[in-house]
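The values are calculated or read from the model by the stated rules, or taken from the named source; none is laboratory data. Everything numeric in this text was worked out from a predicted model, so none of it was measured. All Cβ positions, glycine included, derive from the backbone under ideal geometry; neighbour counts span all protein chains shown. When the accessible area is computed, the model is the full protein with side chains, heavy atoms only, and any ligands, DNA or RNA have been set aside. Shrake-Rupley method; radii C 1.70, N 1.55, O 1.52, S 1.80 Å.
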Amino acid sequence: MDLTSYAELAVLLVNRVEDLSSLDTLRALLEETGRTESAARVTRRDLDALRELREELNGVFESAAAGDEEDVVERLNGLLVRHPVHPQISGHDGQAWHMHLTEGGRVADALAVGSVMGLASVVTGLGADRLGICQATPCRNAYLDTSSNRSRRYCSERCASRANVAAYRARQNKRNGQGQ
Ligand SMILES: [Zn+2]
Ligand SMILES: [Zn+2]
């Protein structure tokens, strides 16, 4: 079971906040990410629960970006208590036997368990500094740093190049200013 892929679910929920604005957009998000079965049975109650979860997951990333590891752990431990794992072995769709973190229940519960276990696994296996918030202002997207040298600072290539251009312009302006 690759729990890091579950951590990507947490990143998705934090960053796609606009898709949590209505049941239709949430359904589209679930379909887009291959969760068609969940998309078919998601309800308004799931939507409300996921909005709440999104705020809590965002808090975890904000604390990690601020370097407050104690707070990251405290927040995650709270989430682990509220979203208990009920592991089951599954062999659906002709796949080999594999583990599911939770079976049945509401769509929001399954997504909560997955994203929280994913983050807990990253923090304990790789370190809390693997969770971050994009530094290309005004972007506040969350990201997961899986680079070998922990060098990631942006949520996307787009933000990285935007930040590079801004830094270049700042250097140019400084140089021009000094020349006058
Ligand atoms: Zn499965
Ligand atoms: Zn960004």
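The table below gives the values:
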| read-out | value |
| --- | --- |
| Length-normalised contact order for region 39-138 - Cα pairs under 8 Å, 6+ apart - percent | 32 |
| Surface share of carbon and sulfur [accessible, 1.4 angstrom probe, percent] for the chain | 49 |
| Area projected by the alpha carbon convex hull of region 73-180, averaged over all directions, nm² | 10.5 |
| Residue among Val14, Val107, Val81 with the largest mean-square fluctuation in a Gaussian network model of the chain, springs linking Cα atoms under 10 Å | Val81 |
| In Å², nearest 10: area of Leu50 left accessible to a 1.4 Å probe | 0 |
| Where region 69-111 is the region considered: accessible area per residue in Å², 1.4 Å probe | 67 |
| Computed over region 14-77, Cα set: Rg, Dmax in Å | 13.8, 39 |
| Length-normalised contact order of the chain in % [C-alpha pairs under 8 Å, at least 6 apart] | 25 |
| Cut-off 14 Å between beta-carbons: net charge of the residues surrounding Val165, Lys and Arg +1, Asp and Glu -1 | +3 |
| Dipole magnitude of the chain about its Cα centre (Cβ charges: Lys, Arg +1; Asp, Glu -1), debye to nearest 20 | 1000 |
| Ratio Rg/Rh, restricted to the chain and using Cα atoms, in which Rh is the Kirkwood radius | 1.06 |
| C-alpha center-to-center spacing [region 35-91, region 120-161] in angstrom | 18 |
